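Here's the structure we're looking at; comments come further down.
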Amino acid sequence: MSRVAVVVPLKSFAVGKGRLRGIESLNVEELSRQLAAAVIAAAAPRDVYVVGESDDVANFAGALGAQVLRHDHTGLNNAVQFAFGALRSSYEVVVIVHGDLRNPTGLGAFTPGPGVTIVQDHHQRGTTVLAVPTSSDFTFHYGENSCHLHAQEARARSLECHIVTDSPWQFDIDEPEDLQ
């Protein structure tokens, strides 16, 4: 059994990043591809899996050397839960990484400690990187206030929980002000 796998959930580039689509001078699809490519590259030499439902994401990920997990589920939580279930028999830890980190450098060297590790976003509410042991029956809670909900889930499962608040991985690109 290998120790750590990295999962990068990606929405179709044609529809993702809805909050940025109002910026006329911004090619949101190209930005999304660049950010995701940087995350996938930074996760090397770990085994990287991209989970998504679209052909464009599957082709993109495969061309970058990532393994593709196709799913028909709607929403981030369902996609991540699907990937976690698919990988749990082959890995001890699954690290879920958002594909829109501003600075993903070092992801491939990240070795999470025991229990759950949460990298809190710069708004101090969300989760940008989440390491979960596959021996747990963890349920993912992305969305509003996900950092708190993931910590609550870890405690409910009697898992140690480490919240990281000073990582370069806390910066993701969701809102127009995140581009500054």
| task | Place a +1 charge on the Cβ of each Lys and Arg in the chain and a -1 charge on the Cβ of each Asp and Glu, then give the dipole magnitude about the Cα centre in debye, rounded to the nearest 20. | result | 400 debye
| query | Which one of Asn145, Ala131, Leu159 is farthest out on the positive end of the charge dipole of region 121-180, using unit charges on Cβ (Lys, Arg +1; Asp, Glu -1) and the Cα centre as origin? | reply | Leu159
| said: Suppose a student asked you for the relative contact order of region 2-175, using Cα pairs under 8 Å spaced at least 6 residues apart; what percent would you report? | reply: 25 percent
| note | Burial-style ranking of 139-146, 115-122, average other-beta-carbon count within 10 Å with highest first, yields 115-122, 139-146
| request: Give a quick list of chymotrypsin sites (Phe, Trp or Tyr not before Pro) in region 28-105 that DSSP marks as loop, anything other than H, G, I, E or B, with at most 10 other Cβ atoms within 10 Å. | output: none
| message | Through the Karplus equation 6.51 cos²θ - 1.76 cosθ + 1.60, θ set to phi - 60°, convert the phi angles of region 67-72 into ³J(HN,Hα) values in whole Hz; use x for Gly and Pro. | response | 7, 10, 10, 7, 9, 10
| If contacts are Cα pairs under 8 angstrom and at least 6 residues apart, what is the relative contact order of region 95-149 in percent? | 34 percent
| What residue among Asn59, Asn103, Asn77 shows peak mean-square fluctuation when the chain is described by a Gaussian network model with Cα springs under 10 Å? | Asn59
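Every read-out reported here was derived from the displayed coordinates using simple, explicitly stated rules and does not represent laboratory data. On a predicted model such as this, the values are computed, not experimentally measured, just so you know. Positions of Cβ are generated from backbone atoms using ideal geometry, with glycine treated the same way; all protein chains shown enter the neighbour counts.
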